[in-house]
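Below you'll find the structure, written out as structure tokens, and then a few comments.
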Amino acid sequence: MFGLVPTSAAAGCLHSIPATLAFSTAPLAHLSTLDLAVITIYFGMVIWIGYHLKGQSNTSEEFFMAGREMTAWIAGLSFVSANLGSLELMGWAGSAYQYGILAAHWYWVGAIPAMLFLGMVMMPFYYVCKTHSVPGYLKLRYGQGSSVVAGFSFAFMTVLMSGVNMFAMAEVMKIVLGWDLNFSIIVSSLAVAAYVALGGLRSAIYNEVLQFILIWGGALLVPIMGLIEAGGWTGFKAKLAHNIQTGLTANGDYTHLWRSMGHFQDNPMGIHWTGIVFGLGFAISFGYWTTDFLVVQRVLAANSLRSARLAPVIGSFFKMAVPLIVILPGLLGLVALQNPDGSLMHLVGENVVAAHPGMGLHSYNEVLPLMMVRYLGPGLLGLGITALIAGFMSGMAGNVSAFSAVSIYDIYQPLFKRNASDKHLVLAGRVATIGGVIISMGAAYTVMHAQGIMDYVQALFSFFIAPLLGVVLMGMFWKRATKEGGFWGLLLGTLTSVGLWAWVKADPSALKYVAISPYAKDMAENMYRALWSVSTSILVCLVVSLLTKAKPLAELEGLVYGATKLPVEEPVPFYKNEWFWTAIAIVCFLALNIYFW
Amino acid sequence: MKNSPLSIWFFVGLMLTVYGGLIFSYGISELVTGQLAPVVLNTLHAPIWWGGGQLVLGLLYLAKFRPGKA
């Protein structure tokens, strides 16, 4: 949700996509009967799962938290899948074509440290206090005021982002397949509403796991075929070097992560390594992966503390592998894609496509579907397209199930129906799920008629994440943090983010102050803005807390480091221990960064 | 007492089996008729090994996580 442009679509994905997915006019792909059968079977299966799990969602704990019965593997795959939207797949494949492997920063330094931190450091507190949501944790730690504010902002932004994502996906389906916008929006919404309303979070998680497998099964063949055609990684690099040497491809370092990060002007993203490490790697990434309830909800559904800690660790391995199906196809497109006359195809920016209609130009964002069409025949193409649809639906189901839980637990119950029966809460949850989908559809149609608001909606979502991180960290690791400190930290951190965004919007030259360099580009702004925002929230929380009265230590049991006795876990063989797998994940993470340095 | 739901891995196995079966069958028909889809590297017969791989994996999961198996 953060990155290329202000924020992500898909209300959940950490990684952003270009705000407007502009495409050429003719559909890219034509589906055969076999392809359509593959897509139809998928829809049938997700509805069947929802119906099958209906009987497993009779209590509020079952409906909203999947009965807290998920194994580490299921919770871990669901944790990653809820983030793996199809717009993210296409947007970041396009970015890899445009900027090279720099785009992988959003999958590695921009995700892995935060996921491991969530599992090993923060999860015990979320899990031990038995909160139902992140706003729920704020309520326990700082009181109802900040919880309700966080609940309202999260619920509102979640359905709004879901709608924006829904519209963008429908637009993609229209351009890639020629499908009608209304058809895509209505069919996908009905499917998601049906299976989440029927089976609750358990159904959403089951489908996310299924979708995760499907995404890999549908998309992994593309880079495999691309590598075969290019002659392996070495062959690809040789072809790319030849293309750059002969002027066929723009000059640049497409295969190294850090070498061009020494100065803002040395890389096409206009970013400095401090922005990547502290802005993306800390403020944005930790904000998203550790405090966004969309993903945290999946881990809270785990069947034990050990599973809850292992789930993000398992997820981190898959997250590290996602560039195989996103970044690699984008890179391979640089040497593989050809025009009908056999010459090298050049993808261009959305503005260029829009300015030259009818010329058959394709935008960067089309690289993934173009690669699919290049290698995948009947059946396999249907599988690839189903993977994109599945990615969209997993993101939307994640939003809707998180919206349902927060709107009932953090808004409806405390403010309107304090003594609601459990049966009533389940019914309210089902109504909230359907209501969330309807509001999302309304947002999708609003965006359809006023696409300019998409940028603003996406930016709006980013305003809350970084300051929330500051307040949650202070609350979790500093016993002295007070209710007033949390409230003012959250408020002033958010205002800092809004203020910096508005300043650059009003005066683009202000970017040199926000991102500390006249050579900084848009993406650097997101990173430094998040960094200033989280710094402000921490500083304000610190100062205000020192000036106000702290809670007695006894009231912080289960909520704060140093005041919580964590349950002793049963000893297990080393290969089942979460610390062992965390160490392996750290080694893999470092090895990838060193190999592609 | 409510019934236990089917394992998620059973659904995964079912999906892989159905998709793998469909794609593998198409690959075999391509091989038999000699009419290859107009895609790059079609002589590698990806539907056969990719679809076949999914089919085998799906059958393994179906067998391991079938309903009623403890």
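Can you confirm whether the range B:45-65 contains a residue that is in a loop (DSSP other than H, G, I, E, B), within 18 Å of A:Asn207 (Cα to Cα), more than 10 Å from chain A (Cβ to nearest Cβ) and touching a residue at least 40 places away in the same chain (Cβ under 8 Å)? The answer is yes, given that some residue of the range B:45-65 is in a loop (DSSP other than H, G, I, E, B), within 18 Å of A:Asn207 (Cα to Cα), more than 10 Å from chain A (Cβ to nearest Cβ) and touching a residue at least 40 places away in the same chain (Cβ under 8 Å).
If you go through the range A:328-382 and keep only what is away from chain B (no Cβ under 14 Å) and among the aromatic types (Phe, Trp, Tyr), you end up with just A:Tyr364. Would it be correct to say that A:Thr290 is more than 14 Å from chain B (Cβ to nearest Cβ) and not in a helix (DSSP H, G or I)? No: the conditions fail for A:Thr290.
If you check B:Ser4, B:Ser25 for being surrounded by fewer than 20 Cβ atoms within 10 Å (Cβ to Cβ), within 9 Å of chain A (Cβ to nearest Cβ) and farther than 23 Å from A:Gly384 by Cα, only one passes: B:Ser4. Given the structure, is A:Val80 under 18 Å from the mean Cα position of the chain (by Cα), hydrophobic (A, V, I, L, M, F, W, C) and surrounded by fewer than 24 Cβ atoms within 10 Å (Cβ to Cβ)? No: the conditions fail for A:Val80.
Going through (1) touching a Leu at 6+ places or on another chain (Cβ under 8 Å); (2) surrounded by fewer than 20 Cβ atoms within 10 Å (Cβ to Cβ); (3) at pLDDT 90 or above one by one, A:Leu592 falls short only on (1).
Does A:His52 count as out of contact with any Phe, Trp or Tyr (no Cβ under 8 Å at 6 or more places or on another chain), modelled with pLDDT of 85 or more, farther than 28 Å from A:Leu559 by Cα and within 14 Å of chain B (Cβ to nearest Cβ)? For A:His52, the condition - out of contact with any Phe, Trp or Tyr (no Cβ under 8 Å at 6 or more places or on another chain), modelled with pLDDT of 85 or more, farther than 28 Å from A:Leu559 by Cα and within 14 Å of chain B (Cβ to nearest Cβ) - is met.
Kindly indicate the residue of the range B:1-44 that is hydroxyl-bearing (Ser, Thr, Tyr), in contact with a helix residue (DSSP H, G or I) (Cβ under 8 Å, 6 or more places away or on another chain) and without any contact (Cβ under 8 Å) to a residue 40 or more places away in the chain and also farthest from A:Leu31 (Cα to Cα) among those meeting that condition. Per the criteria, the residue is B:Ser25. Do you know which residues across the range A:216-250 are without any contact (Cβ under 8 Å) to a residue 24 or more places away in the chain and aliphatic (A, V, I, L, M)? Across the range A:216-250, the qualifying residues are A:Ile224, A:Ile228, A:Ala238, A:Ala241, A:Ile244, A:Ala250.
The requirement of being under 22 Å from the mean Cα position of the chain (by Cα), under 30 Å from A:Ser133 (Cβ atoms), more than 14 Å from every other protein chain (Cβ to nearest Cβ) and of a type in the set (Ser, Thr, Tyr) is fulfilled somewhere in the range A:386-403, by at least one residue. Here A:Leu300 passes the criteria (1) buried (at least 24 other Cβ atoms within 10 Å of the Cβ); (2) at pLDDT 90 or above except the one numbered (2). Residues being closer than 18 Å to A:Ile327 by Cα, surrounded by fewer than 21 Cβ atoms within 10 Å (Cβ to Cβ) and within 12 Å of chain B (Cβ to nearest Cβ) are entirely absent from the range A:231-246.
Against the definition (modelled with pLDDT of 85 or more, surrounded by fewer than 24 Cβ atoms within 10 Å (Cβ to Cβ) and among the β-branched types (Val, Ile, Thr)), how does A:Val109 come out, yes or no? Against the criterion (modelled with pLDDT of 85 or more, surrounded by fewer than 24 Cβ atoms within 10 Å (Cβ to Cβ) and among the β-branched types (Val, Ile, Thr)), A:Val109 qualifies.
Here the condition is being closer than 30 Å to A:Leu34 by Cβ and without any contact (Cβ under 8 Å) to a residue 12 or more places away in the chain; of A:Gly377, A:Gly384, it holds for A:Gly377 alone. Per the listing A:Leu542, A:Leu473, the residue uniquely part of a helix (DSSP H, G or I), surrounded by fewer than 18 Cβ atoms within 10 Å (Cβ to Cβ) and not small (Gly, Ala, Ser) is A:Leu542. For the range A:313-327, name all the residues that are part of a helix (DSSP H, G or I) and either within 14 Å of chain B (Cβ to nearest Cβ) or touching a residue at least 24 places away in the same chain (Cβ under 8 Å) (or both). Answer for the range A:313-327, where residues must be part of a helix (DSSP H, G or I) and either within 14 Å of chain B (Cβ to nearest Cβ) or touching a residue at least 24 places away in the same chain (Cβ under 8 Å) (or both): A:Val313, A:Ile314, A:Gly315, A:Ser316, A:Phe317, A:Phe318, A:Lys319, A:Met320, A:Val322, A:Pro323, A:Leu324, A:Ile327. Which of the residues that make up the range A:303-337 are buried (at least 24 other Cβ atoms within 10 Å of the Cβ) and basic (Lys, Arg)? The answer is A:Arg309, A:Lys319. What are the pairs, 6+ residues apart or on separate chains, where a residue within the range A:499-512 that is in a helix (DSSP H, G or I) has its Cβ under 8 Å from a residue that is of a type in the set (Phe, Trp, Tyr)? Note: pairs meeting the criteria are A:Leu500/A:Trp532; A:Trp501/A:Phe463; A:Ala510/A:Trp503.
Would a scan of the range A:351-360 turn up a residue that is in contact with a Ser or Thr (Cβ under 6 Å, 6 or more places away or on another chain) and crowded, with 16+ Cβ neighbours inside 10 Å? The answer is yes; a qualifying residue exists. The single condition among (1) out of contact with any Gly (no Cβ under 9 Å at 6 or more places or on another chain); (2) among the polar types (S, T, N, Q); (3) at pLDDT 90 or above that A:Ser285 does not meet is (1).
Every condition in (1) in a helix (DSSP H, G or I); (2) more than 14 Å from every other protein chain (Cβ to nearest Cβ) holds for A:Leu210 except the one numbered (2).
The single condition among (1) farther than 15 Å from A:Ala29 by Cα; (2) part of a helix (DSSP H, G or I); (3) of a type outside the set (Val, Ile, Thr) that A:Asp341 does not meet is (2). Apart from one condition, A:Ser147 fits all of (1) over 22 Å from the mean Cα position of the chain (by Cα); (2) surrounded by fewer than 22 Cβ atoms within 10 Å (Cβ to Cβ); the exception is (2).
The values are calculated or read from the model by the stated rules, or taken from the named source; none is laboratory data. These figures come from a predicted structure and were not determined experimentally. A quick note on method: Cβ atoms are made from the backbone with ideal geometry, for glycine too, and the neighbour counts reach across all protein chains shown.
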